[in-house]
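Below: the structure, in structure tokens.
The values are calculated or read from the model by the stated rules, or taken from the named source; none is laboratory data. Computed from a predicted structure; not experimentally measured. Using ideal geometry, Cβ is built from the backbone for each residue, glycine included, and neighbour counts are taken over all protein chains shown.
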Amino acid sequence: MKQTARILVVDDSDDDVFFLRRAFAKTGLSPSIAHAPDGEKALEHLLKTAPLPDLITLDLKMPRLDGFGMLERLRNHPRLANVPVVVLTASFLEEDKDKAKALGARAFFTKPASSEELIALVTNISQQWLPALAA
């Protein structure tokens, strides 16, 4: 029996979370998706959750604690340091990509404009970061 993937989506846009959930559902993976609107809420969730998510998707530009701050805190926390983080942001800036990667993000993607592109991106993320669960 296929295990359900657990994903934490950290994004302050309810619309982006809705479209991401829908894109994952269209891939057939149907992961269990938790949502946090900022880095502070995400860290609170992670510290209370067992088991940890299989993957975190992380926006960079958020209130309270942004994606960069969250990446720093994740990498400095022994229990959370190895949870894979994929940045999914509206930023096209090369310096944002470089900084996110330097802080431990495993991948960096700019949010696509169309639902077809988002489905293709989610399929790629699933195959690359959740292969045992997507098989």
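All conditions but one from (1) farther than 22 Å from Asp16 by Cα; (2) without any contact (Cβ under 8 Å) to a residue 12 or more places away in the chain; (3) not small (Gly, Ala, Ser) apply to Leu80; the one that does not is (2).
For the range 91-135, taking the residues that are touching a strand residue (DSSP E or B) at 6+ places or on another chain (Cβ under 7 Å) and of a type in the set (A, V, I, L, M), the one that is nearest to Met62 (Cα to Cα) is identified as Ala100. Among the residues of this structure, Phe68 does not count as one that is over 17 Å from Arg6 (Cα atoms) and not in a helix (DSSP H, G or I). Once the range 68-89 is narrowed to residues that are closer than 18 Å to Ile33 by Cβ and in contact with a Lys or Arg (Cβ under 7 Å, 6 or more places away or on another chain), the residue that is surrounded by the fewest Cβ atoms within 10 Å (Cβ to Cβ) is Pro84. Determine which member of the set Pro51, Pro112 is closer than 22 Å to Asp15 by Cα and part of a loop (DSSP other than H, G, I, E, B). Exactly one residue qualifies, and that residue is Pro112.
Name every residue in the range 6-34 that is aromatic (Phe, Trp, Tyr) and in contact (Cβ under 8 Å) with a residue 60 or more places away in the chain, in order of residue number.
First, the residues of the range 6-34 that are aromatic (Phe, Trp, Tyr): 18-19, 24.
Listed by number, the residues that qualify are Phe19, Phe24.
Being exposed (fewer than 15 other Cβ atoms within 10 Å of the Cβ), aromatic (Phe, Trp, Tyr) and part of a loop (DSSP other than H, G, I, E, B): is that true of Phe92 here?
Details: exposed (fewer than 15 other Cβ atoms within 10 Å of the Cβ): yes; aromatic (Phe, Trp, Tyr): yes; part of a loop (DSSP other than H, G, I, E, B): yes.
Yes.
Residues that are surrounded by 16 or more Cβ atoms within 10 Å (Cβ to Cβ) and hydroxyl-bearing (Ser, Thr, Tyr) were ranked within the range 14-60; the one that is modelled with the lowest pLDDT is Thr27. Figure legend. Inter-residue proximity from the range 99-110: first residues free of Cβ contacts under 8 Å to residues at least 24 places away in the same chain and closer than 9 Å to Val86 by Cα, second residues in a loop (DSSP other than H, G, I, E, B) and not small (Gly, Ala, Ser), beta-carbon distance below 7 Å, spacing 6+ or different chains. Indicated pairs: Arg106/Pro84.
May I ask you to verify whether Asp16 is among the charged types (D, E, K, R) and either in contact with a Gly (Cβ under 9 Å, 6 or more places away or on another chain) or assigned to a loop (DSSP other than H, G, I, E, B) (or both)?
Details: among the charged types (D, E, K, R): yes; either in contact with a Gly (Cβ under 9 Å, 6 or more places away or on another chain) or assigned to a loop (DSSP other than H, G, I, E, B) (or both): no.
When the stated conditions are applied, Asp16 does not pass them.
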